[in-house]
Amino acid sequence: MSVEKPHGDDGLTMIPRGWHLYRGTGRPRDDIPFHQALPPPPPWRTFDGGPPLDPPPEDPADLERRLGHIGFLARSVPAPGEVIAVNAALCLRRPLLVTGPPGVGKSTLAYAVTRELRLGPVLRWPINSRSTLRSGLYEYDAVARVQDARLEGAEPDIGDYVQLGALGTALLPYEQPRVLLVDEFDKGDLDLANDLLDTFEEGSYQIRELFRARAREPEVVVHTADAGGTARIRNGRVQCRTFPFIVITSNGEREFPPAFLRRCIRLEMSQPSRDRLADLAVAHFAERAEPYKDRLIQTFLEYRDRNPVAADQLLNALHLAIHSAEDVRQDRTWKQVLDVVLRRLDAAGTE
């Protein structure tokens, strides 16, 4: 198999060509039209939803807030396993289950993929103990519709009271995959993983209220999870065209059923290296980080050897150092600041 280097001919780790569209550089790919370069799905992952939709435009400001400025990105070598797992999930049209300690960049991966491959805004479904499959797909506000009918003296349009969730929006018939972040899956109900199996397998779902009304209203415009977005639903059913790129994050606090695991590509993320931490600092602070970066990274790594801490705590420390009126080389004062900012993330850190 032919191979390519992620950043050109600079001796970096070699990765296969072909289905490896994501390179982990953090920089948008302008050399390929993604919808043409993505290999066809396996026969068992082919869907025929339509008519095809284009994704909303990306939000550069949101991506910069989460990932840092493109112009300040370094050229570190991406983790080969991470690159392979992302590309396998894209090519096989399977969810990517990302596990690892808090703060290693599990959620950030979804935004990195969408920026590099230009897949539009990330749809985010934050999971909590009350999350259900239905809430991820759509909500129907029957009470508000009845109240409005009484006030207006006529039955209002049912579509005004249907709001697609992040998962429901991702499964609309987009020509290229939408990116969906299912965040903190551990927090969900024990049955949620099993509830998702059929939806992940079939790439479709039914909006019961619209399905019952299909004889009277075969086509209904509903609201989507995108800001100000709408979609036309025909006969109360949604079928994807290209299965979304779904990143499911987990802190590894719970075991998931085998039936769920076999439908996912799995990636275990480790703590970021010194070089990746330096890249993160430069991406967010550019040259302002230079006077403090190396020293604070070394201190952070020393803390991390003793206690569980996350990379965003390092960014907090850098921000305080950059805007400090005091000389951070005064160890006594600055150590007190670091002891506050770099508090450990387990139960011992809350005492």
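The values are calculated or read from the model by the stated rules, or taken from the named source; none is laboratory data. From a predicted model like this one, the values you see are computed outputs, not experimental measurements. Neighbour counts run over all protein chains shown; Cβ positions are idealised from the backbone, glycine included.
Some notes on this structure:
- Taken together, Pro95, Pro177 contain a single residue that is in contact with a Cys (Cβ under 6 Å, 6 or more places away or on another chain) and more than 17 Å from Gln206 (Cα to Cα), which is Pro95.
- Residue match in the range 293-310 (condition: crowded, with 19+ Cβ neighbours inside 10 Å and closer than 30 Å to Gly136 by Cβ): yes
- The residue that is farthest from Leu345 (Cα to Cα), counting only those in the range 200-255 that are of a type in the set (Asp, Glu) and free of Cβ contacts under 8 Å to residues at least 40 places away in the same chain, is Glu219.
- Taking the criterion of being within 27 Å of Gly252 (Cα to Cα), among the acidic types (Asp, Glu) and without any contact (Cβ under 8 Å) to a residue 40 or more places away in the chain, the residues of the range 267-317 that qualify are Glu302, Asp305.
- Subset of the range 127-145 [surrounded by 13 or more Cβ atoms within 10 Å (Cβ to Cβ) and either more than 31 Å from the chain's Cα centre (by Cα) or not in a helix (DSSP H, G or I) (or both)]: Ile127, Ser131, Thr132, Tyr138, Glu139, Tyr140, Asp141, Arg145
- When restricted to residues that are more than 15 Å from Ala88 (Cβ to Cβ) and in a helix (DSSP H, G or I), the range 27-46 contains 6.
- One residue stands out in the range 239-263 among those that are in a loop (DSSP other than H, G, I, E, B) and in contact with a Lys or Arg (Cβ under 6 Å, 6 or more places away or on another chain): the one that is nearest to Glu184 (Cα to Cα), namely Pro244.
- Qualifying residue in the range 154-167 (condition: in contact (Cβ under 8 Å) with a residue 40 or more places away in the chain, surrounded by fewer than 20 Cβ atoms within 10 Å (Cβ to Cβ) and closer than 30 Å to Glu64 by Cβ): yes
- Counting only residues that are at pLDDT 95 or above and in contact with a helix residue (DSSP H, G or I) (Cβ under 6 Å, 6 or more places away or on another chain), the range 145-166 holds 2 of them.
- Test for Thr242: is it modelled with pLDDT of 85 or more, assigned by TED's automatic domain parsing to the domain that holds Asp339, of a type in the set (Ser, Thr, Tyr) and surrounded by 13 or more Cβ atoms within 10 Å (Cβ to Cβ): no
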